[in-house]
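Report on one structure; see the data block that follows.
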Amino acid sequence: MIEFEEELKKFHHSLEVDDIEEAVNSHNEPDMLDLLFSMLQIKYKSNDSDN
Amino acid sequence: MKCYNCGCTLSEDDFCTACGADVKIFKRIVRLSNRYYNEGLDKARVRDLSGAAASLKLSLMYNKNNVQARNLLGLVYFETGEVVYALSEWIISKNIRAKKNIADDFLSDVKDNQSRLNNFDALIRKYNQACTYAKNDDLDLAVIQLKAVVAKSPGFMRAMELLTLIYVHNEDWNKVRKCAERGLKVDAGNTSLKTYLKEANKKIAEKENATGRRNFRKKEEAISYQSGNETIIQPLNDSGGTGGQTIINILIGLAAGAALMWFLVLPARIQAARNEVNLQLKEVSEELTSKTADMDDLNKRIEALQEENKGVQDALQEYTGNEGVISDYDALLSAAKSYLEDPEDALKASADLEKIKESGNSVNSEEFTALFDYLDSNVSAKAAEQYLKTGIGKYNDADYNGAIEDLTESFELNKESDQALYYLAQSYLKNENPDKATELFNQLISTFPDSEYKKRAEKYLNQGVEDNENASLTPLAPANEPSQADQAALQAALAAAAAAQAQAAQAAQAQAQPVIVPEAVAQPAQ
């Protein structure tokens, strides 16, 4: 059974052409490689402090 | 694959041969990103755009610098109507790799065509408006907007989904199925549309089972297979039914043709015939109006001509009637003839001249006037004398009525005759009309104060003494016989008068020509 109200909540306003800057700026989330590099940086820093 | 530390090309080892950095996890992450990209590409090839977008997002989650995945994701977004997201993906891709990037072509293709971009923007605005309507429960307005959007851009999946959802809410299952199938042709992996389609098929089947109607829909039973990006649906072999069914089909076709004729062709023909009749009616009306106007003009012309004819008839009557100018000429000629034949007998000539005076016509002819004046001056005095003479004779014979007539004529012809007036009064007195006699005696006294008859009149008026003596005619100077010169002048005047009479008669005839009214004019319009 399809619940209309629930289904309707999935629909949001689409970005208009004037909002393209906002769309571009929203892509700054880190990816797996960013996480890897930050982990490696932490690892190298701890190694340097141990030495 | 390049080393993230030094940028050298990596080998199959888990470390960089140039800098010695550990690249085991790095290589695994990049491989995962590429794997999801490949998966997304495969899904995009079979138009599972939703699945492709999900895989490509995963690919970018592992490696956001995967330019190919980002470009493909932009393409998928663009195909599903998410133009802004597509542009943003391509812009980011361009930032990551400025050169030799296919995103350049995509961007220039969209950006360079400003009208196309405006159209995209307008569609997005309409979708957003429809979204607002739907959330405010204005579903009818939302449907109108969404129909406009999907009509212009059938690939705008969010609009198609929302439209289908509203149809689901309205339980218009046929439309749900139609929209869902249309949307799934663009995005075969769209789970929402699949759900709606499944629900619609279920409801339609239930309805058909409930009504017992045969389900003619055999699309699900058709054989379909994938060939590259195209889905080929092979129609089922239809034997065409029996011969009887063929005949029924032909009859149905004939009935449909007849219905088409009845509902489409005939009304058009009838309308055309009506238009033609109306046109003809309009032309006839205009012609009738024109003819009516002409007829009015002609009737006015007839009336004017009739008036003119009446005027001419009146003018002719003035000339030819009993009291017309012609009769005046006749009377004048008769008077002149009588005078010439017997100058002493002035009574007939005087009677003719009296007729001319009584008619009152104004004859503009100098000859007529000259002759009339000549006769009047010569005849009137003589006639007055003759009337006086006969009147006195009748008075003496006690014929007072006759005396009154003659003496009246005499006095009318000669107002200077106190004798005529006196004996006229005496005749009235003798005829037992003393009032009239008294009036005439008074007139005599006032008009002729030096008259010898004044004393007699006063005697009667003052003393009542009547004059019983016989009347005696006062001798008058003998009338002058017309001299030879007068005779010649009279002859010339007669000739001129005759000529003038002929000319007047001719003019009267010319004016009295009958007015010919054309038959066409006199006929009433049909």
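The values are calculated or read from the model by the stated rules, or taken from the named source; none is laboratory data. Please read these numbers as outputs of a predicted model, since none were measured by experiment. Ideal geometry is used to build each Cβ from the backbone, glycine not excepted, and the neighbour counts take in all protein chains shown.
Inspection of the stretch B:14-27 identifies at least one residue that is more than 60 Å from the chain's Cα centre (by Cα), in a loop (DSSP other than H, G, I, E, B), over 30 Å from A:ILE20 (Cα atoms) and of a type in the set (Asp, Glu).
Of the candidates B:LEU60, B:LEU56, the single residue that is more than 30 Å from B:ASP172 (Cβ to Cβ), more than 10 Å from every other protein chain (Cβ to nearest Cβ), buried (at least 21 other Cβ atoms within 10 Å of the Cβ) and not small (Gly, Ala, Ser) is B:LEU56. Assigned by TED's automatic domain parsing to the domain that holds B:LEU413, of a type in the set (Val, Ile, Thr), without any contact (Cβ under 8 Å) to a residue 24 or more places away in the chain and out of contact with any Asp or Glu (no Cβ under 7 Å at 6 or more places or on another chain) - does that describe any residue in the stretch B:365-375? Yes. From the residues in the stretch B:93-117 that are assigned to a loop (DSSP other than H, G, I, E, B) and within 60 Å of the chain's Cα centre (by Cα), which one is nearest to the other protein chains (Cβ to nearest Cβ)? Here the answer is B:ASN113. When the stretch B:21-77 is filtered for residues that are of a type in the set (Asp, Glu) and in contact with a strand residue (DSSP E or B) (Cβ under 7 Å, 6 or more places away or on another chain), only B:ASP22 remains. With the condition kept exactly as written, say whether any residue in the stretch B:201-210 is in a loop (DSSP other than H, G, I, E, B) and away from every other protein chain (no Cβ under 12 Å). Checking the stretch B:201-210: not a single residue is in a loop (DSSP other than H, G, I, E, B) and away from every other protein chain (no Cβ under 12 Å). Among the residues that make up the stretch B:380-394, is at least one of them surrounded by 14 or more Cβ atoms within 10 Å (Cβ to Cβ), within 19 Å of B:GLN501 (Cβ to Cβ) and more than 55 Å from the chain's Cα centre (by Cα)? No, every residue in the stretch B:380-394 fails to be surrounded by 14 or more Cβ atoms within 10 Å (Cβ to Cβ), within 19 Å of B:GLN501 (Cβ to Cβ) and more than 55 Å from the chain's Cα centre (by Cα).
Condition check ((1) under 26 Å from B:MET61 (Cβ atoms); (2) polar (S, T, N, Q)) across all residues:
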residue: A:GLU5; (1), (2): no, no
residue: A:ASN25; (1), (2): yes, yes
residue: A:MET39; (1), (2): yes, no
residue: A:ILE42; (1), (2): yes, no
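Screening B:GLY81, B:GLY7, B:GLY40, B:GLY74 for residues that are without any contact (Cβ under 8 Å) to a residue 60 or more places away in the chain and assigned to a loop (DSSP other than H, G, I, E, B) leaves exactly one candidate, B:GLY7.
Looking at B:LEU87, B:LEU165, B:LEU146, which one is in a helix (DSSP H, G or I) and either touching a Gly at 6+ places or on another chain (Cβ under 8 Å) or within 26 Å of A:ASN25 (Cβ to Cβ) (or both)?
Values: B:LEU165 fails: either touching a Gly at 6+ places or on another chain (Cβ under 8 Å) or within 26 Å of A:ASN25 (Cβ to Cβ) (or both); B:LEU146 fails: either touching a Gly at 6+ places or on another chain (Cβ under 8 Å) or within 26 Å of A:ASN25 (Cβ to Cβ) (or both).
Exactly one of B:LEU87, B:LEU165, B:LEU146 is in a helix (DSSP H, G or I) and either touching a Gly at 6+ places or on another chain (Cβ under 8 Å) or within 26 Å of A:ASN25 (Cβ to Cβ) (or both), namely B:LEU87.
The residues in the stretch B:376-425 that are charged (D, E, K, R) and touching a residue at least 60 places away in the same chain (Cβ under 8 Å) can be counted, and the count is 3. Residue-level check: of (1) within 14 Å of chain A (Cβ to nearest Cβ); (2) crowded, with 21+ Cβ neighbours inside 10 Å, B:LYS43 misses just (1).
Residue-wise test of (1) touching a helix residue (DSSP H, G or I) at 6+ places or on another chain (Cβ under 8 Å); (2) assigned by TED's automatic domain parsing to the domain that holds B:ALA495; (3) in a loop (DSSP other than H, G, I, E, B).
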{"residue": "B:LYS310", "(1), (2), (3)": "no, no, no"}
{"residue": "B:LEU347", "(1), (2), (3)": "yes, yes, no"}
{"residue": "B:LEU353", "(1), (2), (3)": "yes, yes, no"}
{"residue": "B:ASN361", "(1), (2), (3)": "yes, yes, yes"}
{"residue": "B:ALA381", "(1), (2), (3)": "yes, yes, no"}
{"residue": "B:GLU385", "(1), (2), (3)": "yes, yes, no"}
{"residue": "B:LYS389", "(1), (2), (3)": "no, yes, no"}
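So, in the stretch B:124-152, exactly how many residues are under 51 Å from the mean Cα position of the chain (by Cα), surrounded by 20 or more Cβ atoms within 10 Å (Cβ to Cβ) and small (Gly, Ala, Ser)? So the answer is 2. Pairs meeting the criteria (first residue in the stretch A:23-37 and without any contact (Cβ under 8 Å) to a residue 60 or more places away in the chain, second residue hydrophobic (A, V, I, L, M, F, W, C) and not in a helix (DSSP H, G or I), beta carbons under 6 Å, at least 6 apart or on different chains) are A:ALA23/A:LEU15. The listed residues are B:SER55, B:SER50, and the only one of them that is part of a helix (DSSP H, G or I), in contact (Cβ under 8 Å) with a residue 24 or more places away in the chain and in contact with a helix residue (DSSP H, G or I) (Cβ under 8 Å, 6 or more places away or on another chain) turns out to be B:SER50. Among the criteria (1) in contact (Cβ under 8 Å) with a residue 12 or more places away in the chain; (2) within 19 Å of A:GLU3 (Cβ to Cβ); (3) within 12 Å of chain A (Cβ to nearest Cβ), the one B:PHE156 does not fulfil is (2). Picking from residues in the stretch B:161-202 that are touching a Leu at 6+ places or on another chain (Cβ under 9 Å), farther than 21 Å from B:GLU82 by Cβ and of a type in the set (A, V, I, L, M, F, W, C), the one that is surrounded by the fewest Cβ atoms within 10 Å (Cβ to Cβ) is B:LEU197.
Does B:ASP406 count as surrounded by fewer than 19 Cβ atoms within 10 Å (Cβ to Cβ) and assigned by TED's automatic domain parsing to the domain that holds B:GLN491? So B:ASP406 fails the test.
A search for C-beta distances below 9 Å between a residue of the stretch B:179-197 that is polar (S, T, N, Q) and any residue that is in a loop (DSSP other than H, G, I, E, B) and surrounded by 22 or more Cβ atoms within 10 Å (Cβ to Cβ), counting only pairs 6+ apart in sequence or on different chains, returns B:ASN190/B:THR80.
Summed over the stretch B:118-135, the residues that are more than 7 Å from chain A (Cβ to nearest Cβ) and either of a type in the set (Ser, Thr, Tyr) or in contact (Cβ under 8 Å) with a residue 60 or more places away in the chain (or both) give a count of 2.
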